[in-house]
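Enquirer: First the structure, which I've put down as structure tokens, then a few questions once you've had a look.
The values are calculated or read from the model by the stated rules, or taken from the named source; none is laboratory data. Since the structure is predicted, the reported quantities are computational estimates derived from the model, not experimental observations. For neighbour counting, all protein chains shown are included, and Cβ atoms are generated from backbone atoms with ideal geometry for every residue, glycine included.
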Ligand code: UTP
């Protein structure tokens, strides 16, 4: 019997330097894709997957991420008085205690950010969602992973084939046996050069992990880029616990990158019947 995945960590304390100057005072995860911030897409995906508690790992200048999910008393009162519909605010509503936040005082790496949530996670399996990886799928990527977890158990990372010349931007998997969409993970290496990469199967921003990874991350060992890497921590679980990479049926937009962010806006706008005609007209006129 696997314990259900009820908690999800959203590490949102990074500096977002690839999107400067936009991210100088604005958290990357608050950047808007069409009409909602990236964090909203990630929280919606987690809810659909049955997650009950959203844990934001924040840092300095990131309070707007938590405020966004608060009740907007003044806004609601003013809009109601003016006879405006409150429907546009509905997605940003959360239940009492559904969102909690912890601080990562210094951005020491993704692995360190995850470790900062250890007391809230306790001894339960948990999900991790990187909101700048916007995943568009039906059902959502995390729901597909939670469904696979019911039979696979252990640890599951979301994986995609990445271009051969881009392995240095990903954690790369040494693959074992593949059954359907799930591949056994025999090894993990963070940001290898193309000539050192064991495959082109790269980890993207969704994970289901067992709590034992927290003790490993707590050792504070530094890896690629001098950061405490989640990939290195996860690699130490291989052989001790089941570990799989799952290819999900979803499109990934890397919104931590300028071109990826623009393409995400375009793709999501084209999926919206109210916006599609205008965007198509514009593209046709170019
Ligand atoms: P990235 O590798 O995209 O780093 O982090 P970044 O700092 O956000 O962006 P760039 O590379 O400078 O443009 C992946 C995820 O891990 C979080 C980020 O917020 C992002 O969601 N993160 C990273 C932390 O929370 N803390 C860290 O110390 C590092």
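Enquirer: In the set 6, 103, which member is in contact (Cβ under 8 Å) with a residue 40 or more places away in the chain, in contact with a strand residue (DSSP E or B) (Cβ under 7 Å, 6 or more places away or on another chain) and farther than 30 Å from residue 248 by Cα? Quick ask: steps written out before the conclusion?
Expert: Numbers: 6 fails: farther than 30 Å from residue 248 by Cα.
Answer to the selection: 103.
Enquirer: Hey, can you tell me all the residues within region 203-228 that are closer than 18 Å to residue 126 by Cβ and within 14 Å of the ligand (Cβ to nearest atom)? Spell out the reasoning first.
Expert: Let us first name the residues in region 203-228 that are closer than 18 Å to residue 126 by Cβ, namely 203-218, 228.
Within region 203-228, 203, 204, 205, 206, 207, 217, 228 qualify.
Enquirer: Need the failing condition index for residue 136 against (1) surrounded by 15 or more Cβ atoms within 10 Å (Cβ to Cβ); (2) away from the ligand (no atom under 16 Å from the Cβ); (3) outside any strand (DSSP E or B), just the number.
Expert: (3)
Enquirer: Further, regarding this structure: So, of the residues in region 11-34 that are closer than 16 Å to residue 135 by Cα and more than 14 Å from the chain's Cα centre (by Cα), which turns out to be surrounded by the fewest Cβ atoms within 10 Å (Cβ to Cβ)?
Expert: So, considering only residues that are closer than 16 Å to residue 135 by Cα and more than 14 Å from the chain's Cα centre (by Cα), the one surrounded by the fewest Cβ atoms within 10 Å (Cβ to Cβ) is 32.
Enquirer: Run down 227, 212, 221 and say which single residue is farther than 21 Å from residue 141 by Cβ and touching a residue at least 40 places away in the same chain (Cβ under 8 Å). First the steps, then the outcome.
Expert: Working: 212 fails: touching a residue at least 40 places away in the same chain (Cβ under 8 Å); 221 fails: touching a residue at least 40 places away in the same chain (Cβ under 8 Å).
Testing whether each residue is farther than 21 Å from residue 141 by Cβ and touching a residue at least 40 places away in the same chain (Cβ under 8 Å) leaves just 227.
Enquirer: Filter region 9-54 down to the residues that are without any contact (Cβ under 8 Å) to a residue 60 or more places away in the chain and within 23 Å of residue 151 (Cβ to Cβ) and list them by number.
Expert: 47, 52
Enquirer: Another one. Just a yes or no: is a residue in region 245-254 more than 16 Å from the ligand (Cβ to nearest atom) and over 22 Å from residue 156 (Cα atoms)? Steps first, please.
Expert: The first filter runs over region 245-254 and keeps only residues more than 16 Å from the ligand (Cβ to nearest atom), leaving 245-251.
Add one more test, that the residue is over 22 Å from residue 156 (Cα atoms), and what stays is none.
The answer is no; no qualifying residue exists.
Enquirer: Still on this structure: Quick test of your reading of the structure: residue 152 fulfils all but one of (1) away from the ligand (no atom under 16 Å from the Cβ); (2) in contact with a helix residue (DSSP H, G or I) (Cβ under 6 Å, 6 or more places away or on another chain). Name the failing condition by number.
Expert: (2)
Enquirer: Would you be able to say whether some residue in region 194-202 is within 15 Å of the ligand (Cβ to nearest atom) and either closer than 30 Å to residue 103 by Cβ or modelled with pLDDT under 95 (or both)? Before you say what the answer is, go through the steps one by one.
Expert: Start the filter on region 194-202 by keeping residues that are within 15 Å of the ligand (Cβ to nearest atom), which leaves 202.
Add one more test, that the residue is either closer than 30 Å to residue 103 by Cβ or modelled with pLDDT under 95 (or both), and what stays is 202.
For region 194-202, residues within 15 Å of the ligand (Cβ to nearest atom) and either closer than 30 Å to residue 103 by Cβ or modelled with pLDDT under 95 (or both): present.
Enquirer: So which of 164, 159, 148, 168 is in contact (Cβ under 8 Å) with a residue 12 or more places away in the chain, within 21 Å of residue 45 (Cα to Cα) and surrounded by fewer than 21 Cβ atoms within 10 Å (Cβ to Cβ)? So that I can check it myself, show each step before the final result.
Expert: On the way: 164 fails: within 21 Å of residue 45 (Cα to Cα); 159 fails: surrounded by fewer than 21 Cβ atoms within 10 Å (Cβ to Cβ); 168 fails: within 21 Å of residue 45 (Cα to Cα).
Just one listed residue meets the conditions, 148.
Enquirer: Let me ask something else about it. Pick out, from region 1-111, the helices (runs of 4 or more DSSP H) lying fully within it that include 1 or more residues that are over 27 Å from residue 263 (Cα atoms) and away from the ligand (no atom under 14 Å from the Cβ).
Expert: On the way: elements: 38-48, 63-67, 73-81.
Qualifying helices (runs of 4 or more DSSP H): 63-67, 73-81.
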